[in-house]
């Protein structure tokens, strides 16, 4: 009895908070499929999706490499300040994305410390580099956060065994360490991808939001909503694609999760 | 190849793990580093392998100073207590690892791996993963992996410590036979004095970062250099200023000048061996190891008063 009512509470909560809004959105998309389709295939929308994917790809690549490096330093490094690094890496999770965007404007703006680029025609703000920087900032913790506990768990004995068998540091990393943490890396990559595709706040400040040029998919949803004038089909259509992508990523994560190797 | 350890010191913060340690391991011998936990034996082994760096002193392998060399360039085979199996690789790939790193031809690797798997009795399990092996099998794989690179010396760090008693005894026996076949200079770290006595030609007894005695198993047992060796290698009782082993106490029914009076508290039978747990007038406990026949001859029973006398005792200055 108690267990049953707990289940009802949990499911009811999930339905109300998570499923409800999404179901409504799917419903609205279905009401005007032609309008939604037209918005999705609009060249500016296609450009927005392309930009989002490009930015996500760069952010994932960069944060995978540096995420692994940071995790290695946090777990294996015997340098001072690794505790600080461990705490610091979570900063993007605590910080509002709007503040991240604003801070980037301060740094790369013409009067900022790195204003030289902006002043000399190497546009960072209101251009793709700014969007990439903002996305990298907000997605920084995910790979490292996944890899750190796995690295702790596997310990150093396998790496030491490889060394005694003649493997260099580089060979040990590629043949022993990386295969041992591969599922954590995959998991981190999936989370990073999802976050990168969905990022709005930080990107909104630094992108300039020029349709067809510096407008990402989430920004385009916001645009379609702001300037809907009673026709919400475009906003629903683009939202639907983004939501479907997120759910696909979620499913991918569940499928990839190997039996027994993850908690 | 011989190993020579010269004046090695190692500290971990305030803890002195090794204090001016020197040991020689003859070519082709099997030496045990024996000591309680925290005595520095594992640290010493890891320094020989290059997995740990000494604060002072030098290590020579085959007369060459290897002190500054990384583990990759020492040519040591190292076997870990918890196997350190490469979990994402098959048994075959685990054993082949050192040869693959050395870029040996595939056919040559396969041949060598098969030969080693036969040697450690794991033929037929080449395609398994470590998680599909028992502890004993994993450790034999660890040995085959270490032997694959034809190491100058084989170093084993409590290799059987994580296994249950029967498998441990089997592997111990098997290691000794393997050594007699291959004659690879071997150093085994253990806290189990029985294990050290059984497999080793030479035992180095360690305590608190120092070498207490180096000798054959018989020497350290029969001519212990000090009180620590006397009590750590085999059992010993202190009788006044002297030490005596449980089998060097003679039990008689009548007093005789130098004997002391004791009461039999308990008689424990181990088949042929019999242990008598005794208490003297001051409540001090000691035990005597005797045989079933002797106990029956004297018609011993618990609660009985008997007299003991050391037949052989050791005194340390």
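Things to note:
- Hey, residue A:196 crowded, with 18+ Cβ neighbours inside 10 Å, more than 14 Å from chain B (Cβ to nearest Cβ), in a helix (DSSP H, G or I) and touching a helix residue (DSSP H, G or I) at 6+ places or on another chain (Cβ under 7 Å) or not: yes
- Among the conditions (1) surrounded by fewer than 22 Cβ atoms within 10 Å (Cβ to Cβ); (2) in a helix (DSSP H, G or I); (3) without any contact (Cβ under 8 Å) to a residue 40 or more places away in the chain, residue B:140 misses just one, which is (1).
- For residue A:181, the conditions (1) in contact with a helix residue (DSSP H, G or I) (Cβ under 9 Å, 6 or more places away or on another chain); (2) under 25 Å from residue B:141 (Cβ atoms); (3) without any contact (Cβ under 8 Å) to a residue 40 or more places away in the chain all hold with the exception of (3).
- Candidates are the residues of segment B:75-85 that are crowded, with 24+ Cβ neighbours inside 10 Å and part of a loop (DSSP other than H, G, I, E, B); the one that is nearest to the other protein chains (Cβ to nearest Cβ) is B:84.
- Condition check for residue B:102 on (1) at the interface with chain A (Cβ under 9 Å from one of its Cβ atoms); (2) closer than 30 Å to residue B:206 by Cβ; (3) loosely packed, with under 15 Cβ neighbours inside 10 Å: one failure, at (2).
Let's see how each residue does on (1) out of contact with any strand residue (DSSP E or B) (no Cβ under 9 Å at 6 or more places or on another chain); (2) assigned to a loop (DSSP other than H, G, I, E, B); (3) modelled with pLDDT under 95; (4) more than 14 Å from every other protein chain (Cβ to nearest Cβ):
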{"site": "A:118", "(1), (2), (3), (4)": "yes, no, yes, yes"}
{"site": "A:171", "(1), (2), (3), (4)": "yes, no, no, no"}
{"site": "A:183", "(1), (2), (3), (4)": "yes, no, yes, no"}
{"site": "A:224", "(1), (2), (3), (4)": "yes, no, yes, yes"}
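- Annotation note: of A:165, A:151, the sole residue that is facing chain B (nearest Cβ under 10 Å) and either touching a helix residue (DSSP H, G or I) at 6+ places or on another chain (Cβ under 8 Å) or under 23 Å from residue B:50 (Cα atoms) (or both) is A:165.
- Qualifying residue in segment B:110-120 (condition: within 13 Å of chain A (Cβ to nearest Cβ) and either on the phi > 0 side of the Ramachandran plot or touching a residue at least 40 places away in the same chain (Cβ under 8 Å) (or both)): no
- Hits in segment A:55-82 - residues which are touching a residue at least 40 places away in the same chain (Cβ under 8 Å) and farther than 16 Å from residue A:195 by Cβ: A:68, A:70, A:71, A:72, A:74, A:75, A:76
- Selected residue (criterion: surrounded by the most Cβ atoms within 10 Å (Cβ to Cβ)) from residues of segment B:53-74 that are out of contact with any strand residue (DSSP E or B) (no Cβ under 7 Å at 6 or more places or on another chain) and within 13 Å of chain A (Cβ to nearest Cβ): B:71
- Looking only at residues of segment B:103-126 that are within 32 Å of the chain's Cα centre (by Cα) and not in a helix (DSSP H, G or I), we find that the one that is nearest to residue B:143 (Cα to Cα) is B:120.
- So residue A:215, is it within 9 Å of chain B (Cβ to nearest Cβ) and either assigned to a helix (DSSP H, G or I) or crowded, with 20+ Cβ neighbours inside 10 Å (or both): no
- On inspection, residue B:12 passes the criterion of being within 14 Å of another protein chain (Cβ to nearest Cβ), surrounded by fewer than 16 Cβ atoms within 10 Å (Cβ to Cβ) and over 23 Å from residue B:215 (Cβ atoms).
- When restricted to residues that are buried (at least 20 other Cβ atoms within 10 Å of the Cβ) and in a helix (DSSP H, G or I), segment A:160-169 contains 5.
- Residue selected from segment B:153-174 under the condition surrounded by 19 or more Cβ atoms within 10 Å (Cβ to Cβ) and in contact (Cβ under 8 Å) with a residue 60 or more places away in the chain, by the criterion nearest to the chain's Cα centre (by Cα): B:158
- Among the criteria (1) surrounded by 19 or more Cβ atoms within 10 Å (Cβ to Cβ); (2) without any contact (Cβ under 8 Å) to a residue 40 or more places away in the chain, the one residue A:188 does not fulfil is (2).
- Elements of type strands (runs of 3 or more DSSP E) contained in segment B:1-50, each with 2 or more residues being under 18 Å from the mean Cα position of the chain (by Cα) and either within 15 Å of residue B:204 (Cα to Cα) or modelled with pLDDT of 95 or more (or both): B:15-25, B:30-34
- Scanning segment B:236-287 for residues that are farther than 25 Å from residue B:223 by Cβ and not in a strand (DSSP E or B) returns B:253, B:254, B:255, B:256, B:257, B:259, B:271, B:272, B:281, B:282, B:283, B:284.
- Test for residue B:150: is it in a helix (DSSP H, G or I) and more than 9 Å from chain A (Cβ to nearest Cβ): no
- Test result for residue B:96, more than 14 Å from chain A (Cβ to nearest Cβ) and either in a loop (DSSP other than H, G, I, E, B) or surrounded by 13 or more Cβ atoms within 10 Å (Cβ to Cβ) (or both): no
- Output for segment A:76-101, where each listed residue is more than 30 Å from residue A:153 (Cβ to Cβ) and surrounded by fewer than 15 Cβ atoms within 10 Å (Cβ to Cβ): A:96, A:98, A:99
The values are calculated or read from the model by the stated rules, or taken from the named source; none is laboratory data. Note that this is a predicted model, so its numbers are computed, not measured. A quick note on method: Cβ atoms are made from the backbone with ideal geometry, for glycine too, and the neighbour counts reach across all protein chains shown.
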